[in-house]
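Taking it in order: structure first as structure tokens, then the write-up.
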Protein chains: 4
Amino acid sequence: MSSTYGECLKLSIFGQSHGAAIGMVLDGIPAGLPVDTNALQAFLSRRAPGNGEYATPRKEADQVEFLSGLADGFTCGAPIAAVIRNTNTRSQDYASLRDIPRPGHADYTAQIKYGGYQDVAGGGHFSGRLTAPLCIAGGLCKQWLSLQGIRIGAHIASVAGKEDLPFDALSPELDAVAEDFPVLSPKAGNEMRKAIAAAKADGDSVGGIVECAAVGVPAGLGDPIFGGMESRLAQILYGIPAVKSVEFGIGQRAAACKGSECNDPFSIHSGKIVTVTNHAGGILGGITSGMPLLLRCAVKPTPSIAKLQRSVSLSKMEEVSLKVTGRHDPCIVPRAVPVVEAAAAIAIFDAFLADRREIRR
Amino acid sequence: MSSTYGECLKLSIFGQSHGAAIGMVLDGIPAGLPVDTNALQAFLSRRAPGNGEYATPRKEADQVEFLSGLADGFTCGAPIAAVIRNTNTRSQDYASLRDIPRPGHADYTAQIKYGGYQDVAGGGHFSGRLTAPLCIAGGLCKQWLSLQGIRIGAHIASVAGKEDLPFDALSPELDAVAEDFPVLSPKAGNEMRKAIAAAKADGDSVGGIVECAAVGVPAGLGDPIFGGMESRLAQILYGIPAVKSVEFGIGQRAAACKGSECNDPFSIHSGKIVTVTNHAGGILGGITSGMPLLLRCAVKPTPSIAKLQRSVSLSKMEEVSLKVTGRHDPCIVPRAVPVVEAAAAIAIFDAFLADRREIRR
Amino acid sequence: MSSTYGECLKLSIFGQSHGAAIGMVLDGIPAGLPVDTNALQAFLSRRAPGNGEYATPRKEADQVEFLSGLADGFTCGAPIAAVIRNTNTRSQDYASLRDIPRPGHADYTAQIKYGGYQDVAGGGHFSGRLTAPLCIAGGLCKQWLSLQGIRIGAHIASVAGKEDLPFDALSPELDAVAEDFPVLSPKAGNEMRKAIAAAKADGDSVGGIVECAAVGVPAGLGDPIFGGMESRLAQILYGIPAVKSVEFGIGQRAAACKGSECNDPFSIHSGKIVTVTNHAGGILGGITSGMPLLLRCAVKPTPSIAKLQRSVSLSKMEEVSLKVTGRHDPCIVPRAVPVVEAAAAIAIFDAFLADRREIRR
Amino acid sequence: MSSTYGECLKLSIFGQSHGAAIGMVLDGIPAGLPVDTNALQAFLSRRAPGNGEYATPRKEADQVEFLSGLADGFTCGAPIAAVIRNTNTRSQDYASLRDIPRPGHADYTAQIKYGGYQDVAGGGHFSGRLTAPLCIAGGLCKQWLSLQGIRIGAHIASVAGKEDLPFDALSPELDAVAEDFPVLSPKAGNEMRKAIAAAKADGDSVGGIVECAAVGVPAGLGDPIFGGMESRLAQILYGIPAVKSVEFGIGQRAAACKGSECNDPFSIHSGKIVTVTNHAGGILGGITSGMPLLLRCAVKPTPSIAKLQRSVSLSKMEEVSLKVTGRHDPCIVPRAVPVVEAAAAIAIFDAFLADRREIRR
């Protein structure tokens, strides 16, 4: 498995934070699908570093170069390969991390797994920077899903406990989401910004929750058991660094409900079968119901903080205190929003490709 | 994907609730691993129907027959196939469900996906009964993991909002879990039982949360990005019907934390590197840290309730009211406990098989 | 990989020659495909042991029992599981083989790989008997392909150097193939029979070649590079025990040709693009051209012979002479014919399911 | 499947003949394996175009750039991505091919599959140029296999019917193979050169056979049925354009043998179990026996010839005559030799990674 995902499409993500380049190969895409590279670049800019006062000062243009898979603006049936060159690298920031692992990072586990051969600079392959190629693949899938009338959007549901309004489960307000700091409620957005600024001033960081919705998803996507939409989505969403919880519909709240409260009654609306509520988040038995698909991901606070922390020296086998230097976001939740959209788009497009109902016909 | 899971091992689950049999094929298992069929049968009995006052009255012995893969009590290197015959079937209970889907069930989505060809009896392939073959595979993986010093246990963390004590994140009390109604606090267990009885008396059902822990997991299992332990575990855990949330460590609570609170400081304990806290649930960067692996799954209330519900007639395209008959659990959480253990065992054993560090040597 | 095959469909084959049962699980099949169990049983009888004077005297009815995946005679979208009980087992024939491996068999390599834990009886999982479940899957795929106008047939191209007429590469005579001893030329068939009888009388065995053709295959199936039809077909054809060569079209003869001789010129025939010759065997760049798909498999002689052979005692590490007892075919080529058809049908149906051209529309 | 291969390793190949670049991603490789980039470049130069009088005049340095996966000369555990820029492109040569498909090429089948969206320049993704990234992956695997004492070599077994000496099946003369025009018999090599020169002078092309051997392969690699070494090797070998036959050991000749001739008797040689002959090519039941692994691939003559050929105009639906311009090899067999080695190395290293016998210990 490692860095490869997909049933019909095969997505392979590569690169290290301070290596020559990061990128992806997306195989299994039908020929003849249009690609809008400007729209893709705009999508990528939503997660690019160096946006706004709260992000890392590391500046990366994240300019995408397509190496293969396109001809005259359409997919040509060959695997799509795209790369982003790493331009602004400072590997000297990280030399000491081979000996003293940063709490909350993969430094220690990578050291154990790779026996010291891992690329430690900037977290190497574990860096949040690897979400950029995920956004290349996801941005493309979003474009292709929109051709099928499927639209995906997300917003910051909470930061440091400050909560935005939730999506309307029956008709999520995808267009109401501001792109610079994506929330539904400007007032909630301001409270979140204050919390981020406070954490930054304190040399600390904060986490949050991203809520994502997909509308126009036809009923019948997904498969039983391990191929259910929750399994497909959770596998890729947990591929996003810092995600520690994934839930669908009312998710964890279902545990405290009665069946009579949790079940979504079926009804008919303008000749179409719908559910009156959407506690299931548009998924029943792992298969889409035609109602909006709803999910939430909890993102832990950025582990890189300026505060003094306890760690150990692997060489000396003694406890030491560590001050993480380098350039870091006090809150990655805003930048995680397009990444969650991208991951959801990939999983949904893959399930769409895997759907073979027309064989019966 | 569908009903197949795994990287090194390949698990294929088959069967319908009221078909001839349910079963599984587990391929990719090394030869020479011992199999204790009595222990496996005992593990299966923990999720078998007809246990205790709150479970469905449908009685099934769930007697496992191995068709292949074993020789003289050890795995022989060939795929392991095992079946459970369905004995106590009542398909006449379900005839009407082809026309009137049950809220909260897969009846409607299966109808759309399979165009009426699906086996509706008892939910067919979507039935919770398919967790029995999952427990065959998981029960075997649990035995083989124990040979590696890896132990897995779970308990009912909550039912209807009544909360059990949580596992100690540094040393989960796996042995303290009662097997008949697995909780850490007998007092909490009694409150849960009352809530279940009340729901049953009311023709309703209740949900809950299962907490699972694995101890003795070596550091270094799992892979970056899509092959991370969270991705591996979430994909299979979401294969369990009714699971709507999966979280690791402090999970969703991380969203409201500061980095300085969430990070687990490294320390040295009796010559071994440990973390002082275990908010990460034993996983950093998708790779196990050597600390206990901790996860929680929210299980929605059984959708089959005796209360009158709103649904639609697919043939008449009109709204109708529905009273679900048949035999159902007012709360499936107790029976879900071994299933979560089984799913976790499969994912961890697969990651263990996938670990190739010795190649360097 | 092991005993699992497929891209869109997932075929898992299990069982040992003298175990409780052999069988298969076929996952990923769309719902609503009809299944003719009588036609399937008739197809299986073509490879069943105990047919005709030259086959092993071991009698097996090879009665298929479907455990799941069907409802009312159609696929229901759930994995299809089917088993054949082993009835006529004689494991005492094989006890000594754990120490003295039979030349040409997997006894030695299985001993090394499985460290003595393998099931040696009748070759265990390596037995030709495992081609029966392959024929269950292939027989089903043949039925479904025929609904798409795709027909598959094969014949004995040679036995012991005695050659049948080849298929007409532009219009293979699928219907001309006799089913009891499938050849195009009765005269060649008689010579083959004589060669088999002579080998049997001599306590020896003979090999041969199976030629297989598929007509009505639409142009455009298959994928570039590793997903080409040759790759897909060769992977599964080499899953048939005793196959040592797989070639397509003129195959090995292409090596001695000039490009001007080997290329198939394009032409137009009744408004349809065709090739004037079919040296490519209906595959260009790994993708079907719409011309008949043609392949040949060389089958080595049955390694089990009555003649005295040289082997070694693994326990004593000394050379010994071995006389293989038990019940064996002097020539398995006739029984291999339906197996090759089955393997081809599985690969072609999988490629058919994987074809997603309609996405553009 | 498409352009992705592997069980434990995941190889994804991308690029078009005249696109920006060609390349590969190799995922699933353990960390800590050394990489000799000079040796790799030397290996690639063996298949590079523009070598010698008989190759295409298209000059490409085939300079490899590693984008990820390496740190300080060792694998770092992250996916290895490498690209080769296309420098010497002449897409105007190919404009007409969208309308008039070249016999023996994928032009027509690609047109049908991709509906005109395929990249036609130089055959696009179907170009033999895509064997360069295959050689990057294979060259790396060859280096890593040599660390395990496994050596792989190949030679031109025949061109235009002129036959080289075969490898000694018990101890293949890997070192005796000349690298510029790899044959065992210089005399045979000269006859082959003459045949190629004659074909070139005639505006024609010739095919041939590549024989490949691997020595030092431990017994026990490979899996039953679809995971057998023949299946693994054939799948990737058929990913090489122009390969139309793959056989192992004596291959097709086994069809005319008696069992008493074909079986390889076991014997003991200096305390090691060996076979007296090696007709099986080092594979029994799909699993390596410890004897040299032997295979042969038939390569059809280059379809691009200067001679006038018959084809059709897809737009006018009329027959036309076609003269293929551009730069082509009169014989690709010499350049195919390292490609076959590369493919074999990938399959064997993947099987080596998949071998989990130590779990028993």
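The values are calculated or read from the model by the stated rules, or taken from the named source; none is laboratory data. As the structure is a computational prediction, the values presented were derived from the model and not from experiment. For neighbour counting, all protein chains shown are included, and Cβ atoms are generated from backbone atoms with ideal geometry for every residue, glycine included. Ligands, DNA and RNA are excluded from the accessible area calculation, which covers all protein heavy atoms including side chains. Shrake-Rupley method; radii C 1.70, N 1.55, O 1.52, S 1.80 Å.
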(request) Filter segment C:168-186 down to residues that are β-branched (Val, Ile, Thr) and either open to solvent by less than 20 Å² (accessible area, probe 1.4 Å) or within 10 Å of chain D (Cβ to nearest Cβ) (or both), then give me how many there are. (result) 1
(message) Name the single residue that is most open to solvent (accessible area, probe 1.4 Å) among those in segment A:3-24 being at the interface with chain D (Cβ under 9 Å from one of its Cβ atoms) and outside any strand (DSSP E or B).
(response) A:20
(request) Could you please give the count of residues in segment B:113-133 that are touching a Lys or Arg at 6+ places or on another chain (Cβ under 9 Å), in a helix (DSSP H, G or I) and at the interface with chain A (Cβ under 10 Å from one of its Cβ atoms)? (result) 4
(message) So for segment D:333-354 (the condition being open to solvent by less than 10 Å² (accessible area, probe 1.4 Å) and farther than 20 Å from residue D:141 by Cβ), does at least one residue qualify?
(response) yes
(request) Identify the single condition in (1) surrounded by fewer than 24 Cβ atoms within 10 Å (Cβ to Cβ); (2) at pLDDT below 95 that residue D:312 does not satisfy, given that it satisfies every other one. (result) (2)
(message) Name the single residue that is nearest to residue A:76 (Cα to Cα) among those in segment A:25-51 being hydrophobic (A, V, I, L, M, F, W, C) and part of a loop (DSSP other than H, G, I, E, B).
(response) A:31
(request) Out of the residues in segment B:208-236 that are open to solvent by 10 Å² or more (accessible area, probe 1.4 Å) and of a type in the set (D, E, K, R), state the one that is farthest from the other protein chains (Cβ to nearest Cβ). (result) B:211
(request) Filter segment B:269-301 down to the residues that are assigned to a loop (DSSP other than H, G, I, E, B) and in contact with a Cys (Cβ under 7 Å, 6 or more places away or on another chain), then identify the one that is least open to solvent (accessible area, probe 1.4 Å). (result) B:301
(request) Show the residue pairs that are 6+ apart or on different chains and have beta-carbon atoms under 7 Å apart, the first residue being within segment A:184-209 and among the β-branched types (Val, Ile, Thr), the second being in a helix (DSSP H, G or I). (result) A:206/A:195; A:206/A:196; A:206/A:199; A:209/B:255
(request) State which residue is farthest from residue C:227 (Cα to Cα) when the search covers only segment A:48-65 and only residues that are more than 9 Å from chain D (Cβ to nearest Cβ) and at pLDDT 90 or above. (result) A:63
(request) Out of D:320, D:246, report the one residue that is open to solvent by less than 10 Å² (accessible area, probe 1.4 Å) and in contact with a Ser or Thr (Cβ under 9 Å, 6 or more places away or on another chain). (result) D:246
(message) Return the pair list, or none, for Cβ contacts closer than 6 Å from residues in segment A:267-296 that are at the interface with another protein chain (Cβ under 9 Å from one of its Cβ atoms) to residues that are of a type in the set (Val, Ile, Thr) and surrounded by 24 or more Cβ atoms within 10 Å (Cβ to Cβ), at least 6 apart or on different chains.
(response) A:279/A:250; A:284/B:109; A:285/B:109; A:287/B:109; A:288/A:217; A:289/B:109; A:296/A:209
(message) Need pairs with beta-carbon distance below 7 Å; first residue within 17 Å of residue B:296 (Cα to Cα) and within 7 Å of chain B (Cβ to nearest Cβ) and within segment A:237-264, second assigned to a loop (DSSP other than H, G, I, E, B) and among the aromatic types (Phe, Trp, Tyr); sequence gap 6+ or separate chains.
(response) A:246/A:238
(message) Based on this model, can you work out whether residue A:254 counts as within 21 Å of residue B:247 (Cβ to Cβ), among the small types (Gly, Ala, Ser) and part of a helix (DSSP H, G or I)?
(response) yes
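Residues are listed down the side, and each one gets a yes or a no for (1) within 25 Å of residue B:10 (Cα to Cα); (2) modelled with pLDDT of 95 or more:
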site	(1), (2)
B:121	no, no
B:124	yes, no
B:127	yes, no
B:132	yes, yes
B:136	yes, yes
B:141	yes, yes
B:149	yes, yes
B:167	no, yes
(message) Of all residues being more than 24 Å from residue C:24 (Cβ to Cβ) and open to solvent by 20 Å² or more (accessible area, probe 1.4 Å) in segment B:25-42, which is nearest to the other protein chains (Cβ to nearest Cβ)? Just the residue, please.
(response) B:34
(request) Provide a single number: the residues in segment D:253-268 that are surrounded by fewer than 21 Cβ atoms within 10 Å (Cβ to Cβ) and within 28 Å of the chain's Cα centre (by Cα). (result) 1
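Conditions tested, residue by residue: (1) in contact (Cβ under 8 Å) with a residue 40 or more places away in the chain; (2) more than 22 Å from the chain's Cα centre (by Cα); (3) surrounded by 24 or more Cβ atoms within 10 Å (Cβ to Cβ); (4) more than 25 Å from residue B:66 (Cβ to Cβ).
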| site | (1), (2), (3), (4) |
| --- | --- |
| B:104 | yes, no, yes, yes |
| B:107 | no, no, yes, yes |
| B:110 | no, no, yes, yes |
| B:114 | no, yes, yes, yes |
| B:120 | no, yes, yes, yes |
| B:123 | yes, no, yes, yes |
| B:128 | yes, no, no, no |
| B:133 | yes, no, yes, no |
| B:139 | yes, no, yes, no |
(request) Could you tell me whether any residue of segment D:187-196 is part of a loop (DSSP other than H, G, I, E, B) and either away from chain C (no Cβ under 13 Å) or open to solvent by 10 Å² or more (accessible area, probe 1.4 Å) (or both)? (result) no
(request) May I ask you to verify whether residue A:111 is at pLDDT 90 or above and out of contact with any strand residue (DSSP E or B) (no Cβ under 8 Å at 6 or more places or on another chain)? (result) yes
(request) Assess whether residue B:45 counts as being on the phi < 0 side of the Ramachandran plot and modelled with pLDDT under 95. (result) yes
(message) Being without any contact (Cβ under 8 Å) to a residue 24 or more places away in the chain, open to solvent by less than 40 Å² (accessible area, probe 1.4 Å) and out of contact with any Lys or Arg (no Cβ under 8 Å at 6 or more places or on another chain) narrows it down to one residue among D:165, D:97; which is it?
(response) D:97
(request) Hey, could you check segment C:310-361 for residues that are small (Gly, Ala, Ser) and over 13 Å from the mean Cα position of the chain (by Cα) and say which is farthest from the other protein chains (Cβ to nearest Cβ)? (result) C:326
(request) For residues that are within 20 Å of the chain's Cα centre (by Cα) and of a type in the set (Asp, Glu), scanning just segment B:156-204, find the one that is farthest from residue B:279 (Cα to Cα). (result) B:180
(message) Which residue is nearest to residue C:145 (Cα to Cα), if the candidates are limited to segment C:224-240 and must be assigned to a loop (DSSP other than H, G, I, E, B) and modelled with pLDDT of 95 or more?
(response) C:228
(request) Quick one: residue A:65 ticks every box in (1) surrounded by fewer than 20 Cβ atoms within 10 Å (Cβ to Cβ); (2) under 30 Å from residue A:218 (Cβ atoms); (3) of a type outside the set (S, T, N, Q) except a single one, so which number is it? (result) (2)
